[in-house]
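Asker: Sharing a structure, written as structure tokens. Questions coming.
The values are calculated or read from the model by the stated rules, or taken from the named source; none is laboratory data. Remember, predicted model here, so these are calculated numbers, not experimental data. Reconstructed Cβ throughout: ideal geometry from the backbone, glycine too, with neighbour counts over all protein chains shown. With ligands, DNA and RNA removed, areas are computed over all heavy atoms of the protein, side chains included. Shrake-Rupley method; radii C 1.70, N 1.55, O 1.52, S 1.80 Å.
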Amino acid sequence: MNHIKTVKKFRPGRGYTKADWDAVDSPELTDEQIAKGKPFKEALPELYEAIQRSRGRPPVEKPKQAVTLRIDPDTLARFRATGKDWRARMARALDRTKA
């Protein structure tokens, strides 16, 4: 449901002048024009693909995996006491144990 009220005539004090209002010429689309219209994806496929590729984080070569790990409460408290980045320090400590 659209709750935006369409303003049909110029009203002063809304951030634009009467000249700005008169300079805009964008009539409403007719039913025929709407029927001829294409979705953005079909009308401009190259632009659509570029926008889709630019979204989100770039993929990483070796993404980290989420795991559940049961740790002794004293060990966990020691890591948490080292500060905000305790998870990264724990990961580095585990990496050092590699054979």
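Asker: Could you please find all residues in the stretch 58-99 being surrounded by 10 or more Cβ atoms within 10 Å (Cβ to Cβ) and of a type in the set (S, T, N, Q)?
Answerer: Listed by number, the residues that qualify are THR75, THR82.
Asker: Does ARG70 meet the test of being more than 26 Å from the chain's Cα centre (by Cα) and not in a helix (DSSP H, G or I)?
Answerer: The answer is yes for ARG70.
Asker: Show the residue pairs meeting these rules: Cβ distance below 8 Å; 6+ apart or different chains; first residue within the stretch 17-42 and within 28 Å of ARG53 (Cα to Cα); second residue outside any helix (DSSP H, G or I) and at pLDDT below 85.
Answerer: From the stretch 17-42, the pairs are GLY37/LEU29.
Asker: Tell me, which helices (runs of 4 or more DSSP H) lie completely within the stretch 1-57 with 2 or more residues that are open to solvent by 100 Å² or more (accessible area, probe 1.4 Å) and not aromatic (Phe, Trp, Tyr)?
Answerer: Answer list for the stretch 1-57: 31-36, 40-43, 45-53.
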